[in-house]
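No lab work stands behind these numbers, since they all come straight from the coordinates. It should be emphasised that the depicted structure is a prediction, and the values quoted were computed from it without experimental measurement. Neighbour counts run over all protein chains shown; Cβ positions are idealised from the backbone, glycine included.
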Amino acid sequence: MEEHLGERLDRDSVARVAGLSGSHFSRLIRENTGRTFTDLMAQYRVDCAKAMLRRTDKSIIQIALECGFEDQSCFSRVFKRYTGTTPRVYRST
């Protein structure tokens, strides 16, 4: 999942690659991480963005898209939910 963050990933397609049904895959994710598939993917994407914000000069929208967010608005909203700050403020600190 981490290797394909920039792609559109949904639970069922990832489950298919793992050879599992969507519901069984979700159950396994929850049992092993305590999180939902969606939450886990969002955290992976935010972690990817945090690294890029620290290490590159790429624009916020470019980072958002490369980490798999649909647009900058969605990225900013999710990033703030997981970090407590906006991507722009995070980069400047």
- Query: So what's the back-of-envelope 222 nm ellipticity for the chain, counting only DSSP H runs of four-plus at -39500 (n - 2.57) apiece and dividing by all residues, rounded to 500?
  - Reply: -20500 deg cm²/dmol
- Could you give the size of the charge dipole of the chain about its Cα centre, using +1 on the Cβ of each K and R and -1 on the Cβ of each D and E, expressed in debye and rounded to the nearest 20? 380
- Query: What's the local net charge at V17, with K and R +1, D and E -1, over the other residues with C-beta under 15 Å away?
  - Reply: -2
- Along the principal axes of its C-alpha atoms, what lengths does the chain span, in descending order and rounded to whole Å? 42, 22, 21
- Query: Excluding T56 itself, what net charge comes from residues whose Cβ is under 12 Å from its Cβ, given Lys and Arg +1 and Asp and Glu -1?
  - Reply: +3
- Item | Neighbour-count order for D47, D10, fewest beta carbons within 10 angstrom listed first | D10, D47
- Query: Over the chain, what is the mean sequence separation of C-alpha contacts under 8 Å (at least six apart), divided by residue count, expressed as relative contact order in percent?
  - Reply: 25
